[in-house]
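For reference, the structure discussed in these notes is given below.
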Amino acid sequence: MDSILVTGGGVLNGEIPIAGAKNACLTLMPATLLSDEPLTLTNAPRLADIATMTALLRSLGAEVSSLQGGQVLALSSHDVNNLKADYDIVRKMRASILVLGPLLARQGHAVVSLPGGCAIGARPVDLHLKGLEALGAVLELKDGYVHADAPGGLKGATFEFPFVSVGATENILMAATLARGTTVLKNAAREPEIVDLAECLIKMGAQIEGHGTSTITIQGVQSLKGATHPVVTDRIELGTYMLAPAITGGTVELLGGRIDLVAAFCEKLDESGVSVEETQRGLKVSRKNGRLSAVNISTEPFPGFPTDLQAQMMALLCTADGVSVLEENIFENRFMHAPELIRMGANIDVHGGTARVTGVERLRGAPVMATDLRASVSLILAGLAAEGETVVSRVYHLDRGYERVEEKLGACGARIERIKGA
Ligand code: UD1
């Protein structure tokens, strides 16, 4: 297993290109299953999770070609010949459940293993299943698999999510594009990845209105056609790298960055004393004047502060002046980075879904362990600010969601290297 060695203490200056969004790409790829014509995705990120989704789609009989070094994905589902998504692939990544809605909608039958993924709480898929049932699917849970049937095809319906779920909104939105009649999704997720998916589906011939608001209306169509679609910018990668100069000092321009993707996060950076400026090419972040101030964070569905930036923000607040209170409202077990940050000298008290961070003057390098995707990058950020060397082990978590971290940060002056197989 690889580790990452970070030698902290230097400032960062330069530019970092931001990739297409992992989470958008993971929902755009299964959209291929809705049509027998080709779907081409450009601006795709090159990540382990994308390879896992590729393997899953191929196991179903879809063709997936990775072009231009992985930045373009050419997908085709004209010959889907297996309707069972096997446990061996699905367990690697929770987003695998996103093949269920499209398979069921076009093929009338699907068998999908219940998923695995990051260990950040129970993360059930009950809303995905309830939404599909509302569209007329008949579901049975057997031997760890969801057996789904829609003998006469799916039928449009009104479904209100009891709470916001990004994945369930995506799954049911895709299924509804081929259902007979009108589907209305209430309390739907409003994340930019949902908007991106809807825009791609519309290019494929779907009739969708209201995406980006909490009520999405879908008029089912008989079939969808091919399309070419660029994956939206990764707002989580963007936010993560915005924190790099914020934590070390210096100025970094994030190429392709957009304020509207990270508005709530930018408000908190501003409150803390980090400067964010819009440029022609993206966003420029700098921290020049002394220590940052503590701020309180409460994670919420979009447009609120994203749970996927909570760990990285905690790394920043470890050295801010004062006490910051971080409330995690989306996942119940998402402070696993706190004990690792404490090993680096941070002062953090966790009680249930609340973490109280009392800023210290300086962190110290230490051997630490990545526990999930976002936690792993928070430890790298902390390592950049710490005195001495930090070795982050179990970086396979990191590789699921960040491409070329060492290269991107190294180009801005970070002293960071991958230790192979350690
Ligand atoms: C997606 C993102 C993930 C992000 C999360 C919240 C992808 C591939 N992943 O995950 O990075 O952290 O949104 O922004 O896009 N829940 C249920 N039942 C369900 C579905 C969800 O109880 O059927 C719960 C979850 O356990 C969690 C909350 O709802 O507590 C929100 O989860 P959800 O929005 O569905 O997250 P994902 O789509 O899995």
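Per the listing 27, 32, 40, the residue uniquely more than 16 Å from the ligand (Cβ to nearest atom), in contact (Cβ under 8 Å) with a residue 40 or more places away in the chain and open to solvent by less than 20 Å² (accessible area, probe 1.4 Å) is 32. Of all residues in the range 297-326, those that are more than 16 Å from the ligand (Cβ to nearest atom) and in a strand (DSSP E or B) have Cβ atoms under 6 Å from Cβ atoms of residues that are basic (Lys, Arg) and modelled with pLDDT of 95 or more, 6 or more apart or on another chain, in 325/356. Scanning the range 264-291 for residues that are out of contact with any strand residue (DSSP E or B) (no Cβ under 7 Å at 6 or more places or on another chain) and either small (Gly, Ala, Ser) or open to solvent by less than 40 Å² (accessible area, probe 1.4 Å) (or both) returns a single hit, 290.
Let's see how each residue does on (1) surrounded by 17 or more Cβ atoms within 10 Å (Cβ to Cβ); (2) part of a loop (DSSP other than H, G, I, E, B):
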{"residue": "330", "(1), (2)": "yes, yes"}
{"residue": "333", "(1), (2)": "no, yes"}
{"residue": "338", "(1), (2)": "yes, no"}
{"residue": "345", "(1), (2)": "yes, yes"}
{"residue": "350", "(1), (2)": "no, no"}
{"residue": "357", "(1), (2)": "yes, no"}
{"residue": "362", "(1), (2)": "no, yes"}
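Identification of helices (runs of 4 or more DSSP H) wholly contained in the range 72-173 with 2 or more residues that are within 16 Å of the ligand (Cβ to nearest atom), surrounded by 20 or more Cβ atoms within 10 Å (Cβ to Cβ) and at pLDDT 95 or above yields 100-107, 126-134. When you check residue 401 against the structure, is it among the small types (Gly, Ala, Ser) and open to solvent by 10 Å² or more (accessible area, probe 1.4 Å), yes or no? Here the answer is no, as residue 401 does not meet what is asked. Only residues that are in contact with an Asp or Glu (Cβ under 9 Å, 6 or more places away or on another chain), assigned to a loop (DSSP other than H, G, I, E, B) and not charged (D, E, K, R) were counted across the range 21-71, and they come to 6. Restricting attention to the range 364-388, the residues that are under 16 Å from residue 10 (Cα atoms), among the small types (Gly, Ala, Ser), open to solvent by less than 10 Å² (accessible area, probe 1.4 Å) and part of a helix (DSSP H, G or I) add up to 2.
Number of residues in the range 363-384 that are closer than 26 Å to residue 327 by Cβ, modelled with pLDDT of 95 or more and of a type outside the set (S, T, N, Q) equals 9. Listed by first and then second residue, the pairs linking a residue in the range 389-400 that is within 16 Å of residue 339 (Cβ to Cβ) and part of a loop (DSSP other than H, G, I, E, B) to a residue that is open to solvent by 40 Å² or more (accessible area, probe 1.4 Å) and among the aliphatic types (A, V, I, L, M), with Cβ atoms under 8 Å apart and 6 or more places separating them unless they lie on different chains, are 394/1; 394/369.
Output yes when any residue across the range 248-263 is over 20 Å from residue 157 (Cα atoms), crowded, with 21+ Cβ neighbours inside 10 Å, at pLDDT 95 or above and touching a Cys at 6+ places or on another chain (Cβ under 8 Å), and no when none is. Looking through the range 248-263, at least one residue is over 20 Å from residue 157 (Cα atoms), crowded, with 21+ Cβ neighbours inside 10 Å, at pLDDT 95 or above and touching a Cys at 6+ places or on another chain (Cβ under 8 Å).
The values are calculated or read from the model by the stated rules, or taken from the named source; none is laboratory data. Note that this is a predicted model, so its numbers are computed, not measured. Ideal geometry is used to build each Cβ from the backbone, glycine not excepted, and the neighbour counts take in all protein chains shown. Side chains are part of the model used for accessible areas, which takes the heavy atoms of the whole protein and leaves out ligands, DNA and RNA. Shrake-Rupley method; radii C 1.70, N 1.55, O 1.52, S 1.80 Å.
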